[in-house]
Amino acid sequence: MAPPDHDTQIKVSSDAAETFVNRYYDAISRRAPILPFYVNSTTRYTKTADISINGAVVPTPADYFNQLAEQSNGHPVTYEVESFDAHVTNPSFTYEMPENLPIKEKAESKGEMMSISVSVMGRVQYGKGREAPKRMFNESFVLWPNWEAMQKNPPKGIKQWLIASQNYRSL
Amino acid sequence: MAPRGAKGKTASAGRETRSTTLNSKSSSRGGISKRRGQGRVDNDGDLDMGAGATRTQHGGDGNARSRGDGKNGRGASKTAQTILKHLTSGDADRISSRVKNPEAAKQARSKANAAPVVYLRVHGLKASKASSSKDGGLSQLLSFLERKSTERVRSKSRNVIIRKSHPVGDYVFVGVSKIDAEEILKLNTFSFAGSKLEIVETEDGLGHHGSATESKETQELRAKLQEILSQRYTSEVKLLKLDALASDTSLVTLGMFDNRERALKTFKGLMAICDGLFKTAKAKQEAIESISLANNNIDNVSQVESVALTFPQLKNLDMSGNQIANMQAVEQWKGKFKELEALYMTGNPIEANDPNYPATLLEWFPKLQSINGNILRTPEQIAAQIAATQPRPIPQHGPDFRDVNGIAETFLLEFFTAFDTDRPKLLQDLYDDRSKFSLAVDTTSVRDPDAPPPPRWTPYLPDSRNLIKISNFNARKQRLKIGTKSIAECWNALPFTRHPSIKDHIDKYIMDCKPIQGLEDPSGANPSGVDGLMITVHGEFEESDKKTSTMGMRSFSRTFILGPGQPGQAAIRVASDMLSLRASSALPNVHKAMEAPPATAPQQQATPVPSGVDATQRQAMLAELARQTGMTAEYAEMCLTQVNWDFGQALAIFNEKKSALPPEAFATNPQ
């Protein structure tokens, strides 16, 4: 096992961030289930995601989901990403790596075992139409690899990266 | 509208209004006019609302303006105003007299733009003997114009050719080349089949649009209606009294209410004229807040539907003394008048037929407060009702600042000062050869429309790593700065900055901080990684462009990941530093909303305690909450902090969230 080279780190981290950002904001804008985005969705991590929304710690993704539903009040609330960036925070991430899980060969050198921090800037629109109020938001994530996705023949549609830490602020 | 004769009382009231406005005219207050200060008073003393840039300064007689002039700028509303002006100055004939003046034509021509086809408007065909021929004399007129003007071309070297023609009302519009237009214009005042021609240049094209195509009769009528409107307007109370129209002698004399169809048309016409008087919807909204349609025998609002279209922002409406019998008769207005606050419906059959009609009206008009002078709901109640049907943004809380040993606090207090004053030293102290930095620019952020535009983005763009815009791998690689040397080069090229002092202006910042796990261990001793902190800071700074020396404000968000330093170096290192930039916009003041200390940060005790709750009280609350809920002191404090030490709220939140709390939140199992 060898850590991923520099180019791999950049490629994998920016691709991972891009996929994540597109899907995540689409999900919260549609108020689709968000649990699959979080480490809470796998038993392979004992740690649950640290979710902080506008300064308040939100215990679970389900609570955040409820807050989003309450916020929407039956109306569309749309999150639109205007800028994002990503850094690899650990190229050889092994935190809580399960020993009994058959990890694919070369997963590490292919950059699949990294932790990635993602910083997002965007706008949130409360309601429909041009007159609807809009605010900026900034959000930071730390993504961890999903160990389950690294097995041979992983379940279909499983997310490769999971939110371990999240910090949201409306600005 | 179905006018069925006068209702004496209101008619006389209307007349009173009229005389007041007439008197006020000399003090240049009067008439339906745009708000003062936005128009220009010309040498007749009339308010000229259409005083656009294209208008020529005319001399004492005011004749030198061409008709085409009226179509510059704002089109119909300007024309309407021009007509009003001439009517009120008592010289309606100018409209026709001035176009006979060749000087006027010349001046109009000289202002024409150099379009390949020039349009002329010819008047006089209708009154000519030729008008009795099959095509109304059009072909005769056209060949007359071509022949006569060709004759006048001195060299006779070319023929004047009319390229396009189109009769509209009393006029014929012709399109010709610019030099031919000059010749044809010379035929102005010539006699054609016993009629004197008027030929002027026009910017109406072939006259498909615009009021210039109206017959003179229509124009005169428009002017008269305009005068009637001006007499029925009270500027002091922004009221337009359109009550008892059928008993208005001036309207009756004009024959405007001879039959139902005519009356309906008249009303539409009145609304169109009103609309034309204002440059912007805002000016209209400010000039007319109230309209009375009382005593007009209206039995269905579709007869006056145009009021809703012309005055969508109307606040007060008087419909009393009409023939509205049920809500169906008001249906056309449903969903309109979104700003209506007061409505009068007394004296309509609906009062007896449908006692519940006020409830329906409140439903249909979202801002309606009072009906027939009875206040049925307050603006606050309306606001609450509206809020209930809109998204409710997730509320803001104070900083979620879960520091460890004051590391984040110390870091932040040093960081921004050092970034402003000594970037090389900052790099040396807190960054190492594996630290990562990148910046990302968001040029499309939401910003305060009144705020000045942001300083130019140029200094940041070469290094912006906004991955939405930067999709090329090499660009992504090159814009990620790794190690002090690379970061130093980048920082060196960035504008000078000045961040507000955190100690003096904490309200200009929002800072959150929390522990994270699994960071790369620079020493390599811990294969499963080390713990660190993630800090997010939102704020603004003043910047000075290095090239242009211009100053400006910029808003930023910056995410730091701090971890333990490499062996033999500083204890703390910046592992990752991501800077996001956007146009300056004020932050929500989350500190005001909640001036409570961070939940688990003992070193933060110095921060101001919330007003009215001192440390002793807080201890008492903590103990009591822990006792009542069975939560640990730590969780009790978190809970109280979230609600700004409101004990009742803390209990409420606990009851709401207790099922979601982890087991470690409880010292003993709650009953």
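Quick notes on this one:
- FRET efficiency for the B:GLN313 to B:SER528 pair, using the beta carbon distance and R₀ = 41 Å, is estimated at 0.05.
- Put simply, the amide H of B:SER584, placed in the peptide plane, has neighbours under 5 Å in B:SER555, leaving out anything fewer than 5 places away on its chain.
- Per-residue packing, averaged as other Cβ atoms within 10 Å, sorts the ranges B:341-350, B:126-135 into the order B:341-350, B:126-135, beginning with the highest.
- At 1.567 mPa s and 4 °C, Stokes D of the range B:223-376 from Kirkwood alpha-carbon radius, µm² per second: 82 µm²/s
- In Hz, Karplus ³J(HN,Hα) per residue of the range B:355-360 (6.51, -1.76, 1.60; θ = phi - 60°; x = Gly, Pro): x, 8, 4, x, 4, 5
- Take each residue of peptide A:90-96, count the partner chain Cβ atoms within 10 Å of its Cβ, and average: the result is 6.
- Straightening the chain between B:LYS425 and B:LEU461 buys 10.5 nm, computed as 0.36 nm per residue apart minus the Cα-Cα spacing.
- Shown in residue order for the range B:234-248 are the 3J(HN,Hα) couplings computed by the Karplus curve 6.51 cos²θ - 1.76 cosθ + 1.60 at θ = phi - 60°: 10, 5, 4, 10, 6, 10, 10, 8, 10, 7, 6, 5, 5, 9, 7 Hz (x for Gly and Pro).
- Reachable aspartates and glutamates from B:LYS658, criterion Cα separation under 17 angstrom, eight or more residues apart if same chain: A:ASP63, B:GLU624, B:GLU634, B:GLU637
- Axis of helix A:6-30 versus longest Cα principal axis of chain A: the two differ by about 40°, to the nearest ten degrees.
- Rounded FRET efficiency, nearest 0.05, which uses the C-beta distance separating B:LYS126 from A:HIS75 and R0 of 35 Å: 0.05
- Eligible aspartates and glutamates near B:LYS336 by straight Cα distance, threshold 19 Å, same-chain separation 8 or greater: A:GLU131, B:ASP275, B:GLU286, B:GLU289, B:ASP299, B:GLU305, B:ASP318, B:GLU363
- Separation in nanometres of the label points that stand 7 Å from Cα toward Cβ, at B:ASP507 and A:LYS156: 5.8 nm
- For B:ILE468, residues with placed amide H under 5 Å, excluding near neighbours: A:PHE84
- In order along the range B:634-645, phi translates into HN-Hα couplings of 4, 6, 4, 5, 4, 5, 5, 4, 4, 10, 6, 6 Hz, rounded to whole numbers, per the Karplus curve 6.51 cos²θ - 1.76 cosθ + 1.60 with θ = phi - 60° and x for Gly and Pro.
- The mean count of C-beta atoms from other chains within 10 Å of the C-beta of residues in A:114-120, rounded to a whole number, is 6.
- Filter on A:LYS128/B:LYS284; B:LYS279/B:LYS367; A:LYS134/B:LYS338; A:LYS47/A:LYS106; B:LYS126/B:LYS196 - keep pairs with C-alpha separation over 19 Å: A:LYS128/B:LYS284; B:LYS279/B:LYS367; A:LYS134/B:LYS338; A:LYS47/A:LYS106
- Straight-distance candidates among the aspartates and glutamates for linking to B:LYS178, with alpha-carbon spacing under 15 Å and chain neighbours fewer than 8 residues away dropped: B:GLU146, B:GLU201, B:GLU203.
- With K and R counted +1 and D and E -1, the other residues having a Cβ less than 10 Å from that of A:SER83 yield a net charge of 0.
- Extension gain (nm, one decimal) between B:SER133 and B:THR548, 0.36 nm per residue minus Cα-Cα: 142.0 nm
- Total accessible area lost when B and A pair, probe 1.4 Å, Å² to nearest 100: 5200 Å²
- Taking Cα atoms only, the orientation of helix A:61-72 departs from the longest principal axis of chain A by about 20 degrees.
- Under-5 Å amide H pairs with B:THR632, H placed in peptide plane, nonlocal only: B:PHE666, B:ALA667
- Efficiency of FRET between B:SER143 and B:GLU217 - r from beta-carbon atoms, R0 45 angstrom, step 0.05: 0.95
- Chain A: most fluctuating residue of A:ALA132, A:ALA17, A:ALA56 per GNM, C-alpha cutoff 10 Å: A:ALA132
The values are calculated or read from the model by the stated rules, or taken from the named source; none is laboratory data. Just so it is clear, the structure is predicted and the values come from calculations on it, not from any experiment. Ideal geometry is used to build each Cβ from the backbone, glycine not excepted, and the neighbour counts take in all protein chains shown. Remember, those area values only see protein heavy atoms, side chains included, never the ligands or the DNA or RNA. Shrake-Rupley method; radii C 1.70, N 1.55, O 1.52, S 1.80 Å.
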